[in-house]
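Inspection log for the structure reproduced underneath, given as structure tokens.
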Amino acid sequence: NEIYLQGLGGAVPPFTTDPTKLEDSARELMDPGPFGYVAGAAGSGATARANRAAFDRWRIVPRMLAEATDRDLSTTVLGTPMPAPVALAPVGVQSIVHPDAERATARAAAALGLPFVLSTAASSTIEEVAAAGGDGPRWFQLYWPTDPDVCASILDRAKQAGYTALVVTLDTWTLAWRPVDLDQGYLPFLRGEGVAIPFSDPVFRATLDAPPEDDPGTAILRWLFMVTGTDRNWDALPFLREHWDGPIVLKGIQHPDDARRAVDAGMDGVVVSNHGGRQVDGGVAALDALPEVVAAVGDRIEVLFDSGVRTGADVLKALALGARAVLLGRPYVYGLAHGGEDGVRHVLRAVLADLDLTMGLSGQRSVAGLTPAVLTRSAG
Ligand code: FNR
């Protein structure tokens, strides 16, 4: 309504409200290196394409005269009350997209009351992003450093700064084969992007012979070695529990047995995700992995979802298949490229409005009413 009313005076939205066009319009604005890093995927891109195709195979079956004029999208996820079941996925190195980076994203998320998940690979510090987000809900994503003291220090900073839930990403213990980045020889981390959190960490700094300001190359490599490799295993999860008071969720889960192990390890949730198709090429579509994980653990822990969510209908479908909330990735990053904080807000508001309308027109009044019965499997 707001957009149409403004249209009476000749105004149009700052950039497209069509989520399928966001990537193309961002390509025109961004340098090829950063654009490729954001848009790119693992290998041939098969997993990223499968993520989208999986949404298309599910169809919403609208109900009529269902009294869905007044809708309630609110929910509570990981102890955080939210106006809608949507959070902002952890996306590192946002300085390659916009100078205000994660601070702008945190402000946009806070303005709408949606949780922003700050990445360990952020280009702003834990404290700066907390200050920017003010009273807004915030969660922290961990790339798990092998050095336990560094890990504990980062977790402690996040706790102190008011991040309530911990999202532990398991699918990126090394970077995948990403041809778009390889072809351009572009890796933001080696250029010193995405290291604000370790570089500002006193315990990490103490592991270095020279401060990162004097010898950034050595500091970057030390950090990259600390967060890559397979030294972490299921038995190490109690360490995280010891150092975190709030809910902990494991991100990157795609197999029901891994979800069961998360329950056995005392985790509070999982994020069914394939990192937006950025890690395993030829992998299962995240939406196809969701129902089995929900069936395995959905009655015991919270199941969140990401990878490929673009529209309000996508959100509805993921919720109907059992997700408690979805995380949005690339779409808000393209919003950031278009207009910093305002751009992120524009994208988020568009997705929320689209979700709200799609729910209403489908005869659904609340997220609690969304079940698989709302969907049908498309034949085509
Ligand atoms: C990511 N993602 C990610 N995940 C994470 O746990 N920590 C991180 O630092 C990053 N960094 C990152 C950078 C960029 C440029 C992208 C596009 C993604 C993955 C992210 O959290 C999420 O899983 C996907 O983006 C979801 O898929 P869509 O919505 O982008 O399709």
Legend entry - Selected residue (only one of 278, 324, 310, 330 is closer than 22 Å to residue 377 by Cα, open to solvent by 10 Å² or more (accessible area, probe 1.4 Å), at pLDDT 95 or above and within 11 Å of the ligand (Cβ to nearest atom)): 310
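Here's the yes/no breakdown for (1) open to solvent by 30 Å² or more (accessible area, probe 1.4 Å); (2) more than 16 Å from residue 92 (Cβ to Cβ); (3) within 14 Å of the ligand (Cβ to nearest atom):
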| residue | (1), (2), (3) |
| --- | --- |
| 132 | no, yes, no |
| 140 | no, no, yes |
| 154 | no, no, yes |
| 185 | yes, yes, no |
Inset, instruction - Could you list, in sequence order, all residues of the stretch 187-213 that are within 15 Å of the ligand (Cβ to nearest atom), assigned to a loop (DSSP other than H, G, I, E, B) and over 30 Å from residue 235 (Cβ atoms)? - result: 187, 193
Legend entry - Criterion (exposed (fewer than 15 other Cβ atoms within 10 Å of the Cβ), farther than 22 Å from residue 101 by Cα and without any contact (Cβ under 8 Å) to a residue 40 or more places away in the chain) met by exactly one of 230, 174, 218: 218
Legend entry - Scope the stretch 156-183; condition more than 12 Å from the ligand (Cβ to nearest atom), in a loop (DSSP other than H, G, I, E, B) and on the phi < 0 side of the Ramachandran plot; matching residues: 161, 163, 164, 174, 177
Inset, instruction - Give 48, 87, 41 a once-over and let me know the one that is at pLDDT 95 or above, on the phi < 0 side of the Ramachandran plot, assigned to a strand (DSSP E or B) and open to solvent by less than 50 Å² (accessible area, probe 1.4 Å). - result: 87
Legend entry - The one condition in (1) in contact with a helix residue (DSSP H, G or I) (Cβ under 9 Å, 6 or more places away or on another chain); (2) within 14 Å of the ligand (Cβ to nearest atom); (3) open to solvent by 10 Å² or more (accessible area, probe 1.4 Å) that residue 107 fails to fulfil: (2)
Inset, instruction - Would you be able to say whether some residue in the stretch 23-37 is open to solvent by 20 Å² or more (accessible area, probe 1.4 Å), more than 18 Å from the chain's Cα centre (by Cα), hydrophobic (A, V, I, L, M, F, W, C) and at pLDDT 95 or above? - result: yes
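The values are calculated or read from the model by the stated rules, or taken from the named source; none is laboratory data. Because the structure is predicted, anything quoted here is derived from the model rather than measured. Every residue, glycine among them, receives a Cβ derived from its backbone with ideal geometry; neighbour counts consider all protein chains shown. Surface accessibility is based on the protein's heavy atoms, side chains included, excluding ligands, DNA and RNA. Shrake-Rupley method; radii C 1.70, N 1.55, O 1.52, S 1.80 Å.
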